[in-house]
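S.K.: Below you'll find the structure I mean.
Each reported figure results from applying straightforward, stated rules to the coordinates on display, with no laboratory input. What you see is a predicted model, and the numbers here were worked out from it, not measured in a lab. Cβ sites come from the backbone with ideal geometry, for glycine too, and all protein chains shown count toward neighbours.
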Amino acid sequence: MSIDRRKMIVDAAAKSFALFGYKATTMDQVAKIANVGKGTIYTFFSKKEELFQEIMKSLLTEMKQVAEAALDPNLTFFDNLNRVLHKLLDFREQHELAIKLSQEVRDIGTQMAQEGLQLIEKSVIGYIRQQVQKAIDKGEIKPCDPELTAFVMLKLYMALAVDWRKTHEPLDKDRVAELLCFYLKEGLAPA
């Protein structure tokens, strides 16, 4: 049976980044966790940044799978939007690496941790943009700029689901869904 050393290294690095963050993870730590020599890591990855990018790529793939699994073709665009955003928020709040990156950015502002979080946000916006474009094409929503609309949708969801609870009683997921529909679908103008 062949040992997949590259996979062992990637798994060890994911564990190290999740436990210690980007800044505190060293190639020596990764080698120790993977139980390989440090030189073995360099046969696959020339620097820590490459290893981090590989792990981020896996994280984004996993997030896309979570989003795809949340979609239900029998639901409306807005119901699916809420389901996907809720599942992605749950994923982000439970995924150790995403948590650690958020803590690292908040506590010390590490550039690579910031880039990792920006990559996550960009990926989520890109996914929502695709869903917005599909909804436009089907006539479910009015024509609009899909990228800008996706950005607004994500930011509104995060404001309701995350930021609001920093200073107020948290909103449950049904209330967030209701408010998301209210602001995006129904709007503030009187009927």
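S.K.: Computed from the coordinates I sent, P(r) over Cα pairs in 10 Å bins from 0, in percent equals one of [x] 7, 19, 22, 16, 13, 9, 7, 4, 2, 0; [y] 8, 31, 29, 19, 10, 3, 0; [z] 9, 24, 12, 10, 13, 13, 9, 4, 2, 2, 1, 1, 0. Tell me the label.
M.R.: [y]
S.K.: Take the Cα of residue 66, step 7 Å along the line toward its Cβ, and report every residue of the stretch 94-108 whose backbone nitrogen sits under 16 Å from that point.
M.R.: Backbone N within reach: 94-103.
S.K.: Over the stretch 1-105, consider all pairs of different Cα atoms and compute the Kirkwood hydrodynamic radius from their mean reciprocal separation; express it in Å, one decimal. Show your work: numbers first, answer last.
M.R.: Numbers: mean 1/r = 0.0658 Å⁻¹.
Averaging 1/r across every pair of different Cα atoms and inverting gives 15.2 Å.
S.K.: Between residue 156 and residue 103, with labels modelled 7 Å along Cα→Cβ, what's the label distance in nm to one decimal, could you check?
M.R.: Once both label points are built, they end up 3.4 nm from each other.
S.K.: Restricting things to alpha carbons, find the Rg to Rh ratio for the stretch 73-137 using the Kirkwood radius for Rh.
M.R.: Here the Rg-to-Rh quotient is 1.09.
S.K.: While we're on this one: Run the quick spin-label model on residue 145 and residue 94: label points 7 Å from Cα toward the beta carbon, then report their separation in nm to one decimal.
M.R.: 3.6 nm
S.K.: Ok, one more. Could you calculate the contour length gain from residue 122 to residue 32, that is, 0.36 nm times the residue separation minus the distance between their Cα atoms, to one decimal place in nm?
M.R.: Gain on extension, residue 122 to residue 32, equals 29.1 nm.
S.K.: Highest first, please rank the peptides 87-96, 136-145 by the mean number of other Cβ atoms sitting within 10 Å of their residues.
M.R.: Output ranking for 87-96, 136-145: 87-96, 136-145.
S.K.: So how tilted is helix 48-70 from the main axis of the chain? Cα-based, degrees 0 to 90, rounded to 10.
M.R.: Long axis of 48-70 versus the principal axis of the chain: about 40 degrees.
S.K.: Would you kindly state how much longer the chain becomes between residue 133 and residue 167 on full extension, computed as 0.36 nm times their sequence separation minus their alpha carbon distance, in nm to one decimal?
M.R.: Details: separation 34, 0.36 × 34 = 12.24 nm, distance 3.45 nm.
Using 0.36 nm per residue and subtracting the Cα-Cα distance, I get 8.8 nm.
S.K.: Determine the distance separating the Cα centre of the stretch 84-157 from the Cα centre of the stretch 7-82; give it in Å without decimals.
M.R.: 17 Å
S.K.: Taking square-rooted eigenvalues a ≥ b ≥ c of the alpha carbon gyration tensor, is the stretch 93-191 rounded, prolate or oblate, where a/c under 1.5 means rounded and, failing that, a/b exceeding b/c means prolate?
M.R.: It is oblate, given that a/c is not under 1.5 and a/b is not larger than b/c.
S.K.: Classify the stretch 1-63 from the C-alpha gyration tensor, please: rounded if a/c falls under 1.5, else prolate or oblate depending on whether a/b exceeds b/c.
M.R.: oblate
S.K.: Given contacts defined as C-alpha pairs under 8 Å and at least six residues apart, what's the relative contact order of the stretch 25-87, whole-number percent?
M.R.: Across the stretch 25-87, relative contact order equals 22 percent.
S.K.: How high is the relative contact order of the stretch 15-171, in percent, counting Cα pairs under 8 Å that sit 6 or more residues apart?
M.R.: The value is 21 percent.
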